[in-house]
Amino acid sequence: MAALFLAWATNSSDYYSQAEGYYRQYSLGGNDSIFSWDSKTPGVAVLFAQLANSRVPFSSNFSGWQSEAEWYFDRIVNEQGSFNKTKGTRFSEFYLTRG
């Protein structure tokens with residue numbers, strides 16, 4: 001994630017390539033862990049998609065990154081995967097009542 005933010009901030013294709021390399025090297029795709037203070041892995045695909053959607057010159061594969069991010073969010077909405085929630089509270093109820 002740090003390499004992606006640096007790529008965006010500095011307009012550097014080197015940082016972007018480094019981030020893609022780490023994503024593949026550490027098999028971060030298909031990760032359905034929770035996005036929290038100590039695990040930012042699910043947010044990496046979202047950030048890749050945001051960069052590709054903003055059309056920075058070095059980003060690519062928007063549809064691939066979008067699919068990866070949507071897969072993660074679909075699993076949350078459909079209450080699949082290894083997500084924790086407060087006992088007795090449905091995910092949709094929790095988010096609909098906040099804000």
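The values are calculated or read from the model by the stated rules, or taken from the named source; none is laboratory data. From a predicted model like this one, the values you see are computed outputs, not experimental measurements. With ideal geometry, Cβ positions are generated from the backbone for all residues, glycine too; neighbour counts draw on all protein chains shown.
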_Where a residue in the stretch 19-34 is more than 13 Å from residue 68 (Cβ to Cβ) and its partner, wherever it lies, is surrounded by 15 or more Cβ atoms within 10 Å (Cβ to Cβ) and among the aliphatic types (A, V, I, L, M), with Cβ under 7 Å and at least six apart_ = 19/3; 19/4; 19/7; 22/3
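Could you check how many residues of the stretch 25-78 are among the aromatic types (Phe, Trp, Tyr) and under 15 Å from residue 3 (Cα atoms)? Write out each step before concluding.
The initial filter retains those residues of the stretch 25-78 that are among the aromatic types (Phe, Trp, Tyr), namely 26, 35, 37, 48, 58, 62, 65, 71-73.
Those left that are additionally under 15 Å from residue 3 (Cα atoms): 26, 48, 58.
Counting residues in the stretch 25-78 that are among the aromatic types (Phe, Trp, Tyr) and under 15 Å from residue 3 (Cα atoms) gives 3.
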*Is at least one residue of the stretch 48-63 in contact with a Ser or Thr (Cβ under 7 Å, 6 or more places away or on another chain) and of a type in the set (Gly, Ala, Ser)?*
yes
*Sort out which residues of the stretch 1-42 are over 16 Å from the mean Cα position of the chain (by Cα) and outside any helix (DSSP H, G or I), and write them in order of number.*
11, 12
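Among the residues of the stretch 46-69, is there at least one that is among the β-branched types (Val, Ile, Thr), surrounded by 13 or more Cβ atoms within 10 Å (Cβ to Cβ) and more than 16 Å from the chain's Cα centre (by Cα)? Give the derivation first.
Filtering the stretch 46-69 down to residues among the β-branched types (Val, Ile, Thr) leaves 46, 56.
So of that shortlist, the ones also surrounded by 13 or more Cβ atoms within 10 Å (Cβ to Cβ) come out as 46, 56.
Applying the additional criterion that residues be more than 16 Å from the chain's Cα centre (by Cα) yields 56.
Looking through the stretch 46-69, at least one residue is among the β-branched types (Val, Ile, Thr), surrounded by 13 or more Cβ atoms within 10 Å (Cβ to Cβ) and more than 16 Å from the chain's Cα centre (by Cα).
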*Pick from the stretch 43-90 the residues that are assigned to a loop (DSSP other than H, G, I, E, B) and of a type in the set (Gly, Ala, Ser): which of them is modelled with the highest pLDDT?*
54
